[in-house]
Amino acid sequence: MRVSSVTLRNFRNYKEESFQPHPAVNIITGPNAQGKTNLLEAIFYSLRGRSFRAERDKDIIRWQSEQTILQTEAELNSRTFLLHWKIQEGNKKLLVNGAETPRSELDYLGVVLFCPEDLYLIKGSPQERRRFLDYDVGPLNPAYSRTWRQYARVLTQRNTLLKEIRDRRATREILEIWDEQLYRHGAKVIFLRLQVLKKLIPIARRIHYELTRGDEELQAKYLSSLVLEPGLNEEQIYQIFAAASQKVRNMEIQRCQTLLGPHRDDLSLLINGIEAKTFGSQGQQRTVTLSLKLSQLELWFKEYGDYPLLLLDDVLFELDRNRQSMLLDRVLNRVQTFITASFTGGIEETIRGAGALWQVNAGCLTKKEEF
Ligand SMILES: Nc1ncnc2c1ncn2[C@@H]1O[C@H](COP(=O)(O)OP(=O)(O)OP(=O)(O)O)[C@@H](O)[C@H]1O
């Protein structure tokens, strides 16, 4: 996939800006706080319907403005999609080629983001790794996002009901209706995560081995709140979930919380058999993250026959020279890539013939060079 045009109106510090990215590598440079990350955020928002850093849509609307307009032209398998977003506080609307479309239907437009916060994927709380499972890994199966949303909805309603039962405003019988849905959607979420990880992790292992020139072996283990043997099918996970849930029922009512299920699961990442979270150096953790991100690109290509977009926000120059060039080798002429950096470190030389250099100053973008 590639993006051929982006227009921003009242997005963060951009009043009105339009640009036609290079189909290969786009380096976006400029001093601090000028709008480099904002530009990546706008591209990501167009394709995902959410920001990767703002909690609320309100934050992306330019100060003193009523609404943001984002218009992006994306090309996928010789088809052109014109995505038009109108974003107001508490209200947003998407038109795809002129027809109103729910944002959940954008999952086929692939985008992989690597930003400094991604390091928390390794060293942060289990919640960070679940975000990775839900937003990065899951969508590599077309059924995942819908199932996960259904599970999240049931979970919220069930937790409310647990509180009502504890406060004697509802009876335990009503819980059974929600339980059946919780186990069904929950088992599917776990099953799909395991299915995707089974394909993704071998690719990440190979990439990690190459990036570290054979020094490090990467392993990943899915840590479930349920006791799961390898190779279970969805129905078997359902049965295990149902049986385990019965046993913690009283405690769940006491705490008003659903204690078991995919919302409690985690992913353990190991380098040469040792936990990367606790023992990995900053550089090792960054390389693990890079291996995972690059494996997403490869698996997306395998599953859908096309590479997603790659957004690298302030991370390229945190990698050593060797990893920088291995990364660029992998994406050049295959993956449309957007790189933000306050200095370019001479990488124009490496990507000569396959990119453009853009300069951002106070929300204005100019093309400096095409090479
Ligand atoms: N809603 C908004 N309206 C107007 N300006 C905003 C809004 N949100 C953020 N900004 C401004 O955008 C600028 C930050 O932009 P951005 O994060 O893209 O910087 P950057 O160029 O990536 O900087 P760095 O190199 O430090 O990472 C800040 O000056 C901030 O005040």
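Taking the number of other C-beta atoms within 10 Å as the exposure measure, put D107, D320 in order starting with the fewest.
D320, D107
Please give the per residue volume of the convex hull enclosing the alpha carbon atoms of the chain, rounded to a whole number of Å³.
Cα-based convex hull of the chain, divided per residue, equals 153 Å³.
Among the listed pairs K36/K86; K36/K58; K15/K93; K58/K302; K221/K293, which have their C-alpha atoms separated by more than 28 angstrom in this model? Present the calculation step by step, with values, prior to reporting the outcome.
Working: K36/K86 22 Å; K36/K58 19 Å; K15/K93 20 Å; K58/K302 37 Å; K221/K293 17 Å.
Pairs exceeding the cut-off: K58/K302.
Got the relative contact order for region 116-307 handy, in percent, Cα pairs under 8 Å and 6 or more residues apart?
Working: 225 pairs, mean separation 60.2, N = 192.
So the answer I get is 31 percent.
Once amide H atoms are built 1.01 Å from N in the peptide plane, which residues 5 or more positions from L267, or in another chain, come under 5 Å H to H?
L223
Sticking with the crude label model, points 7 Å out along Cα→Cβ, report the distance from K15 to S342 in nm, one decimal please.
According to this spin-label approximation, the distance is 2.6 nm.
Could you work out the helix-only [θ] at 222 nm for the chain, with each DSSP H run of four or more residues adding -39,500 (n - 2.57) and the total divided by the number of residues, to the nearest 500 deg cm²/dmol?
Computed mean residue ellipticity for the chain: -13000 deg cm²/dmol.
Taking the Cα centre of each part, how many Å lie between region 316-371 and region 201-275?
36 Å
Taking all pairs of distinct Cα atoms, average 1/r, flip it, and tell me the Kirkwood hydrodynamic radius of region 116-307 in Å to one decimal place.
Here the Kirkwood hydrodynamic radius works out to 17.8 Å.
Quick one: angle between helix 144-166 and the longest Cα principal axis of the chain, in degrees between 0 and 90, rounded to 10, please.
Compared with the principal axis, the helix lies near 40 degrees.
May I ask you to evaluate 6.51 cos²θ - 1.76 cosθ + 1.60, the Karplus curve with θ = phi - 60°, for each residue of region 346-361 and list the ³J(HN,Hα) values in order in whole Hz, giving x for glycine and proline?
Computed from phi, the couplings for region 346-361 are x, 6, 3, 4, 5, 9, 3, x, 9, x, 9, 10, 10, 10, 10, 9 Hz.
Give the shape of region 28-139 as rounded, prolate or oblate, defined through the alpha-carbon gyration tensor: a ≥ b ≥ c are the square roots of its eigenvalues, a/c under 1.5 means rounded, and otherwise the shape is prolate if a/b is larger than b/c and oblate if not.
Oblate, because a/c is 1.5 or more while a/b does not exceed b/c.
For region 265-280, what does the Karplus curve 6.51 cos²θ - 1.76 cosθ + 1.60, with θ = phi - 60°, yield as ³J(HN,Hα) per residue in whole Hz, taken in order and with x for Gly and Pro?
For region 265-280, the Karplus curve yields 7, 8, 10, 9, 10, 10, 10, 6, x, 10, 4, 5, 4, 8, 10, x Hz.
Check which residues have an amide H placed less than 5 Å from L309's amide H, if you skip close sequence neighbours.
Here G110, V111, V112 satisfy the definition.
Report the paramagnetic label zone for E369: residues of region 12-31 whose backbone N is under 20 Å from a point 7 Å from Cα along the Cα-to-Cβ axis.
Answer for region 12-31: 20-31.
Give, in nm to one decimal, the length gained when the segment between Q324 and K198 is fully stretched (0.36 nm per residue of separation minus the Cα-Cα distance).
Details: separation 126, 0.36 × 126 = 45.36 nm, distance 2.72 nm.
This chain segment gains 42.6 nm when fully extended.
In straight Cα distance, which lysines are under 19 Å from K163, not counting same-chain residues fewer than 8 positions off?
K247
Going by how many other Cβ atoms sit within 10 Å of their own, how do L357, L76, L218 line up, fewest first?
Placing the least packed residue first, the sequence is L76, L357, L218.
First measure r as the distance between the Cβ atoms of K302 and I177, then evaluate 1/(1 + (r/R0)^6) with R0 = 30 Å and state the FRET efficiency to the nearest 0.05.
Values: r = 40 Å, r/R0 = 1.32.
According to the calculation, E is roughly 0.15.
Give the angle, between 0 and 90 degrees and rounded to the nearest 10, that separates the Cα long axis of helix 172-211 from the longest principal axis of the Cα atoms of the chain.
Between the helix axis and the principal axis of the chain, the angle is about 40 degrees.
Test of understanding: in a Gaussian network model of the chain with alpha carbons linked when under 10 Å, which of R146, R255, R62 would top the mean-square fluctuation ranking?
Highest fluctuation of the listed residues: R255.
S4's amide H: which non-local residues (gap 5+, or another chain) put their own amide H closer than 5 Å, with H modeled 1.01 Å from N in plane and none for Pro or chain starts?
E73, A74, E75
For region 308-317, take each phi angle, set θ = phi - 60°, evaluate the Karplus expression 6.51 cos²θ - 1.76 cosθ + 1.60, and give the result in whole Hz per residue in order, putting x for glycine and proline.
x, 6, 10, 10, 10, 9, 6, 10, 4, 7
Full extension from K93 to N159: what is 0.36 nm times the residue separation minus their Cα-Cα distance, to one decimal in nm?
20.7 nm
Of S46, S295, S224, which is the most mobile in a GNM of the chain whose springs link Cα atoms less than 10 angstrom apart?
In the Gaussian network model the winner is S224.
Would you mind ranking L312, L133, L232 by Cβ crowding within 10 Å, fewest neighbours first?
L232, L133, L312
Distance between the C-alpha centers of region 299-315 and region 72-118? Whole Å please.
16 Å
Among V112, V154, V248, which one moves the most in a GNM of the chain with springs linking Cα atoms closer than 10 Å?
Greatest mean-square fluctuation among the candidates belongs to V248.
Just so you know, all these numbers are worked out from the coordinates, no wet-lab data involved. This structure is a prediction, so every number in the text was calculated from the model and none was measured. Note that we place each Cβ from the backbone using ideal geometry, even for glycine, and neighbour counts take in every protein chain shown.
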